[in-house]
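Shown next, in structure tokens, is the structure this report addresses.
Values quoted throughout were computed directly from the atomic coordinates according to the rules given, and no laboratory measurement underlies them. All of these numbers come straight from a predicted model, not from anything done at the bench. Cβ atoms come from the backbone with ideal geometry, glycine included; neighbour counts cover every protein chain shown.
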Amino acid sequence: MNTALKIAAFATGVTTAFGAAYGVGHLTGDGKPAPRPATAAHAGHAPAPVASTGAAAAEQLPGGLQVSERGYTLALENPFVTAGAPTELRFRILGADGRPVTDYRPAHEKELHLIVAPRDLATFQHLHPVRAADGTWSAPVALPAAGEYRVFADFTPADAAEGLTLGADLHAAGELRPAPLPATGRTVTVDGYTVTLDGELAPGRAGQLTLNVGRDGRPVTDLQPYLGAAGHLVALRAGDLAYLHVHPDGHLPEGAATAGGPAITFTTTAPSGGEYRLFLDFQHQGTVHTAAFTLPVGGTPAPAATGAGAAGAPAAEAPGTAPAGHDGAGHQH
């Protein structure tokens, strides 16, 4: 996939998977169920949509907005959990025949990537569940607060031409205290690392986002590969949680011991104006960290060039905080 053309879509878009040249998914659409173009190599990664109406517009639906798509269904075993208590999230991917899918095409070292985020986008968890022989996936998860969560399953069936991202609601019981999106600015701090966001997004036009990682006032130049890439970016559009999973420009040789740094660059196109939460996963000294940003995108959608990737911006955490599931104590994958 050409990352200059795509930025994959963890919400209703933490679409996405991965190709030899890291791809980008799209984040557009009006929320109406519809098939997606069979041109991307991984869930949430597809060419940018072109403004249109009717059936054509339906095909531009971002990843993660549907529980069922192209004959595949995300079936949670129990969509009701208790906030603050460790639980095992179990689910299956059902095929058109109603049977669990048991054969997948690995993408970035995993058969399936799982994203869990609340509707207010205050936290973020990127999990890699384990599949049993009967097709049941399971992963331990602890939801930090009560509320409505969205679960995104990003995968590619072995016999499918492209990947897809399905989304389902997860309800966490408890005392609900909704909060607005945090205003992070362009620099956030996580686990002692400082991450700075450069670049802009404009609706309908491809743009570059560069994230620079530093520590103790110095640039980090020895980032480690994480799942075969220098970093992973998930973008969720506030309001509908359209999902986008992005991978960096360029390609790391297989088995590379270092991913360089301090800059990690992504190319993407915002499908619309609004606010996006950007979540950057990066690895250093054997630990995965997550930086979250809130990125406002102004204006209205502009015509996108054929093949340009649509994207949403993942969120970075406010200084001194880290999204649930990604901190110095251990990564949730």
To the nearest 0.05, how large is the calculated FRET efficiency for residue 176 and residue 68 if R₀ is 22 Å and r is the Cβ-Cβ distance?
0.20
Over segment 99-258, with a single point scatterer placed on each C-alpha, what log10 of the ratio I(q)/I(0) does the Debye formula yield at q = 0.10, 0.12 1/Å?
-0.47, -0.69
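For the pair residue 287 and residue 210, what calculated FRET efficiency results from E = 1/(1 + (r/R0)^6), where r is the Cβ-Cβ distance and R0 = 30 Å, to the nearest 0.05?
Working: r = 22 Å, r/R0 = 0.74.
The calculated FRET efficiency here is 0.85.
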Which of the GluC sites (Glu not before Pro) across segment 126-185 are loop residues per DSSP, with 12 or fewer other Cβ within 10 Å?
175
Give me the net charge for the shell around residue 227: Cβ to Cβ below 10 angstrom, other residues only, Lys and Arg +1, Asp and Glu -1.
-1
Packing-based ranking, highest mean first, of 247-255, 212-220 given that Cβ atoms within 10 Å are counted:
247-255, 212-220
Given a Förster radius of 30 Å and the C-beta distance between residue 202 and residue 256 as r, what FRET efficiency does 1/(1 + (r/R0)^6) yield to the nearest 0.05?
0.35
